[in-house]
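The values are calculated or read from the model by the stated rules, or taken from the named source; none is laboratory data. Just so it is clear, the model here is predicted, and its values are computed rather than measured. Heads up, the Cβs are rebuilt from the backbone with ideal geometry, glycines too, and the neighbour counts pull from every protein chain shown.
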Amino acid sequence: MKKLITILALLGFAHSAFADGAEFSHDGEFRLRYGNVKNDNTNATDGFTEQRFKWGTTFRAGEKFTGRLSVNVNSDWGESTKASDQFATDTSDATLVVNEAWGAWMASDQLMYRFGRGCFTLADGSVIGCNEWEPNQKAFDGGLITYDAEFVKTSFFGVQGVEINNAGTLPDDDVFFLGVSFDFKTLPEFLKTANLHYLSVANQGYDYQNKKYDKNASGTQSRYGLTLGGDMVGVDYKLTYAAMSSSPDLSGAPKQSGSMIDAEVGYSMPDMRNFRVWFGYHTDSGDDSSTTDSEKYESFHENVHEYAGEMDIFGFGNLTYMNVGLALDLMENTNLKLAYYNFSATDKDGSTDVNILSSFYSYSGLGTRQSGQDALGTEIDLSVSHKYSDNFMITARYGQFTPGDAYTITDSISLFFLEGKMTF
């Protein structure tokens, strides 16, 4: 009933806007995914099917005012079915989620204000990204001010990340972050992207891991970074350096600092079936837990699926990996992609985040992490995509992870993935 009321409200809103003469444009996407994880160590096979329907509406009132509303309907097939009811018709898992709801005002040709709920990507997405690959992309509540000058585009943003009003004597464990980003525009020919950013995160005591108030979590975290990228004569490259450090409010509470480097160099030959090869390297700091303070890099809101392999086993933090890959068109509208990853722990005695995108598939049975070993394993990803039209594409992918000496398991874990996606 609530979903019906929401949809009727949206339709009513659209009618009013048309009546006032506003310009309206609509966009949408439907995608269906199937994943199957096979673990040879436990002889377990798990299959998952999920779908997402996304609908977005953008309206413009003249040249100065713009609004955006987008909603997602996600469903995991069979999730509502109970063991005692083989033919359940419950649809409680098919939730309607508002990902974007914002308004923007172009105060001048250079100055823009935007407030509400939405996402944004900072530079190459290795620090802040929309995470469009996941069922629900990132949704930030806050404001964005952009000044687009001749030489540099400057963006100021403020986000309220967590708002929890605790009952009793506990204080509110809210999280805010403020930031500024500089996108330089007057650049040499070989340099297409140059971004510099700084973020300040104020945490009033929210423990992300345990989802509750913790006085040790209260403090301020600073983040800064530089991203460069470009191409020339068939060679393309990108490089990101990011660092973070925390200052706890509580005397004696553990401090944290870390850094990350992500780089890639590629070579393309468009006339030869869009052939491209690349080499990538990533490293971020780890910690061996020998002291109270931590030197492990803590990821923020990066585009998770774009890094560390398409099986999404590992996340940033005490992670080092190298990867090589190639891509080419097998025929018109059919593309092949092959990539190889070699993962290791930056600090052999430190922990590395695993199973980071468990909303779709999970990798149970990774075994026990071996202290003193840094070889996490290798991964091979092979995918083929075929575009049937500008609005419909099917992708099939097979990935295989072979554990290294850092884990007690010895046999591989594989993932078969199939996706059909239409846009309109």
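A few notes on this one:
- Long-range neighbours under 7 Å by Cβ, at least six apart or interchain, first residue within 23 Å of residue 261 (Cα to Cα) within the stretch 124-145, second among the β-branched types (Val, Ile, Thr): 124/227; 124/240; 126/240; 128/121; 129/121; 130/121; 131/304
- Check on residue 259, crowded, with 17+ Cβ neighbours inside 10 Å and of a type in the set (S, T, N, Q): no
- Exclusive hit being surrounded by 14 or more Cβ atoms within 10 Å (Cβ to Cβ), modelled with pLDDT of 85 or more and over 25 Å from residue 385 (Cα atoms), set 49, 66: 66
- Hits in the stretch 286-309 - residues which are assigned to a loop (DSSP other than H, G, I, E, B), closer than 30 Å to residue 141 by Cβ and not polar (S, T, N, Q): 296, 297, 298, 300, 302, 307, 308
- Among the residues of the stretch 118-137, those that are in contact with a Gly (Cβ under 7 Å, 6 or more places away or on another chain) and not hydrophobic (A, V, I, L, M, F, W, C) comprise 121, 124.
- Residue match in the stretch 331-346 (condition: aliphatic (A, V, I, L, M) and either farther than 25 Å from residue 271 by Cβ or part of a loop (DSSP other than H, G, I, E, B) (or both)): yes
- Filter pass, residue 44 being among the aliphatic types (A, V, I, L, M) and either at pLDDT 90 or above or within 21 Å of residue 115 (Cβ to Cβ) (or both): no
- Where residue 285 falls short, out of the listed (1) under 24 Å from residue 399 (Cβ atoms); (2) crowded, with 16+ Cβ neighbours inside 10 Å: (1)
- Residues satisfying the stated conditions in the stretch 142-163, i.e. under 22 Å from residue 203 (Cα atoms) and either among the hydrophobic types (A, V, I, L, M, F, W, C) or touching a helix residue (DSSP H, G or I) at 6+ places or on another chain (Cβ under 6 Å) (or both): 144, 156, 157, 159, 162
- For the stretch 347-384, the set of residues classified as part of a strand (DSSP E or B), under 13 Å from residue 311 (Cα atoms) and modelled with pLDDT under 80 consists of 354 only.
- Cβ-Cβ distances below 6 Å connect the following pairs, each with a first residue in the stretch 407-424 that is polar (S, T, N, Q), a second residue that is assigned to a loop (DSSP other than H, G, I, E, B), and a separation of six or more residues or different chains: 408/367; 408/368; 412/40; 423/391.
- Filter result (farther than 20 Å from residue 239 by Cα and surrounded by 15 or more Cβ atoms within 10 Å (Cβ to Cβ)) within the stretch 288-309: 288, 294, 295, 296
- Count of the stretch 22-41 residues which are modelled with pLDDT under 85 and either among the β-branched types (Val, Ile, Thr) or within 17 Å of residue 412 (Cα to Cα) (or both): 3
- The one condition from (1) part of a strand (DSSP E or B); (2) buried (at least 17 other Cβ atoms within 10 Å of the Cβ) that residue 253 does not meet is (1).
- Looking only at the stretch 131-156, and only at residues there that are touching a Ser or Thr at 6+ places or on another chain (Cβ under 8 Å) and modelled with pLDDT under 90, the one that is nearest to residue 192 (Cα to Cα): 134
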